[in-house]
Amino acid sequence: MSTQGRHLDRLTGVDASFLSNESASSHMHVGAILIFEGPPPRYVDLVEHVRGRLNLVPRFRQKLLVPPLEAGRPLWADDVNFNLSYHIRHTALPEPGGEAQLKRLCGRVFSQQLDRSKPLWELWLVQGLERDRFALLTKTHHAMVDGISGVDIGTVLFDLEPVPAPAPVEERWVPQKSPSTAELIGRGIGDAIGMPIALAGRAVEAVRHPEATARKAVEGLEALTEVFGQFADPAPDVPLNHEIGPHRRYIWARSELATFKRIKDSLGGTVNDVVLAVVTGSIRDWLHSRGVRTEGLELRALVPVSIRAEDEHGNLGNKLTAMRGPLPVYIEDPVRRLQVISEEMAGLKESKQALGAEMISRFNDFAPPTLLAQASRLNFSTRLFNLLVTNVPGPQVPLYVLGRELEEVFPVAFLPENHRLAVAIMSYHGKIGFGLLADYDSMEDIELLGAGINNALAELEAAASESAAAA
C-alpha cells in the first residue's frame with residue numbers, strides 16, 4: 001500500500017498551490033487518453049476491476065476537507081459517501097467513431113472541473129472507436145498526483161500479463177469518521193504550533209554542523225537570487241499568453257521513441273532536448289501562420305522536474321520543481337535549434353535554478369494559506385513562461401487492462417491563467433505521444449501545431465540521417 005493516503009493527511013504546500021491556482025477558466029486536473037485494441041470490457045467488469053485495486057491508492061477514496069477560518073491547509077479525509085460508480089463513467093463515440101470524435105470528447109471532458117466535494121478523479125470508458133478499439137480517459141486533480149508518480153500508480157488499472165493473477169481478497173473498506181469543525185480548527189492550530197518546533201529543530205542541526213549549514217545557506221541564497229532574477233528577463237508577450245475561457249480543445253501527435261534516440265545519437269543532446277526542439281519548431285511555424293515575426297524571439301517553457309526519491313515512487317502527492325526551458329523560435333535551422341536548446345538546458349541543470357524553485361516549494365510548506373495562494377500564482381505567472389511543456393517517461397513494456405493490450409498513451413496537462421497552450425509528452429512501449437491542450441475560443445488553429453510537430457520531427461530526422469551517412 002502507498003505510504004500516503006492516510007486519513008487526515010494535510011496537503012503539502014505544492015499540492016495546495018494547485019488548488020489556489022484553480023479558477024472558472026483554469027482547471028488544475030491532468031490525465032491521459034489510453035487507447036486499447038480489442039472490444040471494450042463491460043462497464044460492470046471495469047468497475048469491479050478498479051474496486052479490487054483501490055487499496056493500492058487509498059487517496060482515491062478520500063476528499064478534501066477545508067479547515068474553517070483558514071486554519072491551515074486542506075486535509076485529505078475518507079469519503080464516507082464514496083460511490084465508485086460516480087467516478088467511473090461510460091460513454092460511446094458518435095459515428096463514424098474516428099479519432100476526430102475522440103479528440104472532441106476529450107476536449108469536453110477536460111473542460112469540466114472536478115467536484116471538490118468528492119474524491120478528485122474520474123475514469124471514462126469510451127466505446128465505439130473505429131478499428132475494433134476502445135479508450136479509457138483518466139482525469140485526476142494535480143493536487144492529488146504528479147506526472148511521475150502517476151505512472152507508478154497505474155497498478156490501479158494495469159497488469160503486465162494479458163491474464164493477470166487473481167487479486168487478493170481485501171477486507172471491506174470502512175471509512176474513518178469525519179472530524180468536527182472544532183477538531184479541524186484544533187488540527188490547524190496544532191500545525192501552526194508545530195512550525196516553530198520544526199524550525200527550531202533545523203536551528204539545532206545548524207548549530208551542530210555550522211560549516212555545512214553556511215555552505216547550504218550560501219547556495220540557497222544564490223539559488224533564490226537566480227530564480228527571482230528571472231523577473232528581469234520576462235517571457236515575451238505572444239498570442240499564447242492572453243485571456244482564456246473554460247472550454248478546451250485537445251489533439252495529439254504520435255511518433256516512435258527510436259526516432260528521438262537516433263536524432264540525439266546523431267546530432268547530440270538528450271531525448272528531452274529533441275522533444276523541446278520539436279515543440280519549438282512547431283510553435284515557430286504556428287507563430288508565422290499568425291503573422292508574428294520571430295527574429296530574436298525566444299519563448300520560455302515551464303519544464304517540471306521530479307525531485308521524488310527512488311523509494312518514494314508510487315506515493316501520491318507532488319514532489320516537483322521547475323525550470324524555465326528555452327524555446328528559441330528565432331532559429332530557422334532545425335539542427336542549430338537543437339544545439340542551442342541542448343547547450344542552454346545543460347547550463348540550467350548546472351545552475352541553481354531548480355534548487356531555488358525547490359526552496360520556494362519548501363517555504364510553501366510553512367506558509368499560511370493566504371500567503372501560499374499568492375506565492376503559487378507567482379509560480380505560474382506569464383512573466384515567467386509562455387507555456388507548459390512536460391515530458392514523462394513511461395513504461396517500456398506492454399500493459400493490459402482486463403486482457404486488452406494498451407496500444408497508445410496521450411497525456412493531458414493543464415492551462416494556468418492566461419496560458420492558451422500546454423504540451424504534454426509521454427513515452428510508452430517504444431512510442432511517444434504528444435498531447436496538446438488548448439483554449440477552445442482562441443486556439444481554433446490548434447491542428448497547425450499538431451502538424452508542426454510532425455514537420456519539425458521530420459526535419460530533424462532527415463538531418464540526423466544525413467549526419468549519420470556522412471559519418
Sequence-distant residues sharing a close amide H with Ala235 (under 5 Å, placed H): Leu384, Phe385
Relative exposure of Trp286, Trp121, judged by other C-beta atoms within 10 Å (fewest first): Trp121, Trp286
3J(HN,Hα) from dihedral phi, segment 327-342, Karplus parametrisation 6.51/-1.76/1.60, rounded to Hz, x for glycine, proline: 10, x, 5, 6, 8, 7, 6, x, 5, 4, 4, 5, 4, 5, 4, 4
Pairs beyond 22 Å (Cα-Cα), from Lys139/Lys261; Lys118/Lys139; Lys118/Lys177; Lys63/Lys103; Lys139/Lys264; Lys139/Lys177: Lys139/Lys261; Lys63/Lys103; Lys139/Lys264; Lys139/Lys177
Full-extension gain in nm, Ser381 to Arg290, via 0.36 nm per residue minus C-alpha separation: 30.4 nm
Tensor-based shape of segment 67-135 (alpha-carbon gyration tensor, a/c under 1.5 rounded, otherwise prolate or oblate): prolate
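Using only Cα atoms, what Kirkwood radius does segment 399-471 have, in angstroms?
Mean inverse Cα-Cα distance, inverted, gives 14.9 Å.
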FRET efficiency, Asp237 to Lys261 (Cβ-Cβ, R0 35 Å, nearest 0.05): 0.45
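Order these by the 10 Å Cβ neighbour count, fewest first: Glu122, Glu256.
Fewest-to-most ranking of Glu122, Glu256: Glu256, Glu122.
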For Val329, residues with placed amide H under 5 Å, excluding near neighbours: Leu299
Full-stretch length increase - Gln396, Ser180 - with 0.36 nm per residue and alpha-carbon distance subtracted: 73.1 nm
Using a Förster distance of 30 Å, the FRET efficiency for Glu48-Arg254 (Cβ separation, nearest 0.05): 0.40
Taking Phe36, Phe385 and counting other C-beta atoms within 10 Å, the order from fewest to most: Phe36, Phe385
Sequence-distant residues sharing a close amide H with Leu123 (under 5 Å, placed H): Ile88, Arg89
In order through segment 401-413: 3J(HN,Hα) via Karplus (6.51 cos²θ - 1.76 cosθ + 1.60), integer Hz, x for Gly, Pro: 10, 6, x, 9, 7, 6, 8, 9, 10, 10, x, 10, 9
Karplus 3J(HN,Hα) series, Hz, for segment 267-280 with 6.51 cos²θ - 1.76 cosθ + 1.60 (x for Gly, Pro): 9, x, x, 10, 4, 5, 4, 5, 4, 5, 5, 5, 4, 4
Two-decimal Rg to Rh for segment 23-82 - Kirkwood Rh, Cα set: 1.10
Theoretical FRET efficiency, 1/(1+(r/R0)^6), r = Cβ-Cβ of Asp445 and Gln112, R0 25 Å, to 0.05: 0.60
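Just so you know, all these numbers are worked out from the coordinates, no wet-lab data involved. It should be emphasised that the depicted structure is a prediction, and the values quoted were computed from it without experimental measurement. Ideal geometry is used to build each Cβ from the backbone, glycine not excepted, and the neighbour counts take in all protein chains shown.
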